[in-house]
Amino acid sequence: MYKKWKFGLLLLTITSLLGGCFGGNSEMAPLKDGKGKLRIVYKDEESFNRDYGNLFLMKYPDIEVEVIAQDELFEQAKNSPFDLNEEKKRVIEKYKPDVLLLNESMFEAFAQDGRLYDLDMAINQDKYDITGFMPGLIDRLKEKGNGKLYGLAPYFETSVLYYNRGLFKEYNIEPPRDKMSWKELLDLAGRFANAGAYGLYQTEKPEKLLYDIAAASGIRLVDNKGQKLLIQSEGWKEAVTMTADAIRNKSVYIPEQDANNERMDRFYEPFHQEKAAMTFQESWFTVRLKEVPMYEKTPKIDWGIVTTPVDPASPNESAYVHLSEIYAISADSENKRAAWEFIQFVNGTDMAQIAALGNNGKMPTRTGYFKELDGRSTEPFYLLKPKEGRGLLEDKNIPHGFYDLFDPLLSEALQAIIDKQKTIEEALMELDMKGQQALIKAREAEAKKS
């Protein structure tokens with residue numbers, strides 16, 4: 001009996017030591033007398049207090065919050081070219097905030113560099129509910145952290161397809177539905193070309209439409225090593241063909257740009273004038289739909305919404321979900337408990353309810369709180385989960401500055417195809433050669449900085 005007891009005690013001791021050595025986290029102690037300190041980088045103190053600070057301090061009056069004003073720190077670098085993510089890293093290293101506000105690319109980099117605190121222990125200890133978040137959100141965040149949860153996101157941004165119900169009825173055309181493919185959507189848009197209207201109003205340049213189509217299919221622009229351009233692949237040829245055909249046959253309307261690359265018709269969009277049947281927009285667009293008829297001579301539109309197009313191979317995923325506000329705790333923070341209280345608060349149900357009252361394009365990631373937009377269900381915003389893997393424009397293998405060199409080349413090639421000055425094969429072959437040179441140039445410039 002004594003030997004069994006001694007062995008059990010030894011096993012318990014070893015298990016405890018292993019947990020301390022390899023667990024990465026230890027149990028979080030509660031705040032002492034409810035007091036604590038926090039340092040957080042935010043746009044500026046006024047914005048922080050408006051968005052979170054005032055409400056947080058009402059609930060935690062004894063937690064002292066110091067806001068490191070990001071705008072002031074970046075003011076000197078504003079008029080010279082710099083990498084915003086690298087600049088943020090320098091700020092964080094210098095000021096050592098407890099709570100980090102990160103975009104997806106920085107979140108992934110910080111998580112994989114070991115700069116962030118694993119939240120799993122705190123979540124389990126406090127029994128913090130993460131089941132109420134939108135489908136796929138926690139998986140997306142864990143994917144960025146190699147299987148561990150290093151942060152939480154209270155909001156997400158995505159667009160949906162707004163459509164004019166009246167125009168579809170007038171021309172006796174079946175309205176769009178959720179989970180259409182890009183081919184189905186552009187074919188539907190093409191039915192309006194003969195009716196004297198545009199099917200789809202695209203608010204940016206032709207290459208943006210191309211990137212959107214390509215993103216849904218999950219095709220890549222460069223190989224796994226980031227050394228070879230893949231623009232001549234069958235996937236890109238198909239995407240380019242759909243883009244060029246849709247613009248050429250007037251299924252899609254893309255506004256002209258002025259000398260400063262600004263849309264020339266931004267106040268009188270064809271969708272408001274009932275000259276276009278569909279457009280991609282975020283939730284704030286419903287405010288415009290109310291306000292524009294009040295100030296301009298445009299009709300009040302009977303509108304509906306459906307999801308953005310999907311890849312038929314993964315019809316339940318969206319390539320257009322973005323997380324620009326991910327809150328994480330610095331791994332070396334001395335105020336982890338106070339930081340965790342803040343992250344719980346920001347991502348909690350109370351803030352989700354408050355967010356649902358506003359309509360600024362940021363959707364609460366907790367479901368069940370933002371249910372309606374002007375009497376329409378918000379289901380199309382939440383129906384699709386974030387697409388697995390990195391987005392087309394977020395490929396880590398693509399060097400910084402490449403798109404600045406490549407996009408003008410892509411625009412020129414795409415316009416030549418639209419105008420039938422070159423075949424797709426000719427244009428993409430030339431783009432491949434010039435784009436490869438741009439890739440090498442960007443890679444060399446990146447190497448010089450490191």
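The values are calculated or read from the model by the stated rules, or taken from the named source; none is laboratory data. What you see is a predicted model; the values in this text were computed from it and never measured. So basically every Cβ, Gly included, is an ideal-geometry build from the backbone, and we count neighbours across all protein chains shown. We work out accessible area using only protein heavy atoms, side chains counted, and drop any ligands, DNA or RNA first. Shrake-Rupley method; radii C 1.70, N 1.55, O 1.52, S 1.80 Å.
Charge dipole of the stretch 110-197 (Cα centre as origin; +1 on each Lys and Arg Cβ, -1 on each Asp and Glu Cβ, all else neutral): 220 debye, rounded to the nearest 20. Normalised by the number of residues in the chain, the mean separation of alpha-carbon contacts (under 8 Å, six or more apart) gives a relative contact order of 23 percent.
Roughly speaking, to the nearest percent, how much of the chain's 1.4 Å accessible area is carbon and sulfur?
51 percent
With R₀ set to 25 Å, the beta-carbon distance separating residue 47 from residue 95 gives a calculated FRET efficiency near 0.90. With point charges of +1 on the Cβ of Lys and Arg and -1 on the Cβ of Asp and Glu, referenced to the Cα centre of the chain, which listed residue (368, 155, 181) lies farthest in the positive direction of the dipole? Of the listed residues, the answer is 368.
Helix 336-346 axis versus longest C-alpha principal axis of the chain: approximately 40°, rounded to the nearest ten. Close amide H partners of residue 303, meaning residues 5 or more places away or on another chain with modelled amide H under 5 Å apart, are 165. Distance from the C-alpha centroid of the stretch 306-361 to that of the stretch 373-450: 26 Å, rounded to the whole angstrom.
For residue 281, nonlocal amide neighbours, meaning residues 5 or more places apart or on other chains whose placed amide H falls under 5 Å from its own, are 160, 162.
Counting charges near residue 117 (Lys, Arg +1; Asp, Glu -1) among other residues having Cβ under 12 Å from its Cβ returns a value of -1. Backbone N atoms of the stretch 312-330 closer than 11 Å to the 7 Å Cα→Cβ label point of residue 394 belong to residues 319-326. For the pair residue 103 and residue 440 in one chain, pulling the backbone fully straight at 0.36 nm per residue adds 118.6 nm over the alpha carbon distance. Projecting label points 7 angstrom from Cα along Cα→Cβ for residue 195 and residue 249 puts them 1.6 nm apart. The label point for residue 171 and the one for residue 54, both projected 7 Å from the Cα toward the Cβ, are 4.7 nm apart.
In the stretch 285-330, taking the dipole from charged Cβ atoms about the Cα centre, the farthest positive-side position among 285, 330, 314 is held by 285. Take the chain with all the other protein chains still there, run a 1.4 Å probe, and you get 53 Å² of accessible area per residue. Phi-derived couplings, Karplus 6.51 cos²θ - 1.76 cosθ + 1.60 at θ = phi - 60°, listed residue by residue for the stretch 38-52: 9, 10, 9, 8, 9, 3, 6, 5, 4, 5, 4, 5, 5, 7, 9 Hz, with x used for Gly and Pro. Full extension of the chain between residue 357 and residue 377 gives 5.7 nm of extra length, using 0.36 nm per residue less the Cα-Cα distance.
For the stretch 240-247, the Karplus equation 6.51 cos²θ - 1.76 cosθ + 1.60, evaluated at θ = phi - 60°, returns couplings of 5, 4, 4, 5, 5, 4, 5, 6 Hz by residue, with Gly and Pro reported as x.
With the helix formula -39500 (n - 2.57) applied to DSSP H stretches of n ≥ 4, the chain reaches a computed 222 nm mean residue ellipticity of -13000 deg cm²/dmol.
In the chain, which longest range has no chymotrypsin sites (Phe, Trp or Tyr not before Pro) that are both DSSP loop (not H, G, I, E or B) and surrounded by at most 16 other Cβ atoms within 10 Å?
The segment 285-450 is the longest one with no such site.
Measuring gaps between exposed loop sites in the chain (GluC sites (Glu not before Pro); DSSP loop; at most 15 other Cβ atoms within 10 Å), the longest gap, sites not included, is 76-203. Taking the Cα centre of the chain as reference, the dipole from Cβ charges on Lys and Arg (+1) and Asp and Glu (-1) amounts to some 1140 debye. Only one residue of 405, 421, 445 has its Cα farthest out toward the positive end of the dipole of the stretch 385-450, where Lys and Arg carry +1 and Asp and Glu -1 on Cβ, and that residue is 445.
The phi torsions of the stretch 437-449, fed into the Karplus equation with coefficients 6.51, -1.76 and 1.60 and a -60° offset, translate into couplings of 5, 5, 5, 5, 4, 5, 5, 5, 5, 5, 5, 5, 6 Hz, rounded to whole numbers, with Gly and Pro shown as x. The simple spin-label model puts a point 7 Å past each Cα toward its Cβ; for residue 426 and residue 86 those points are separated by 4.0 nm.
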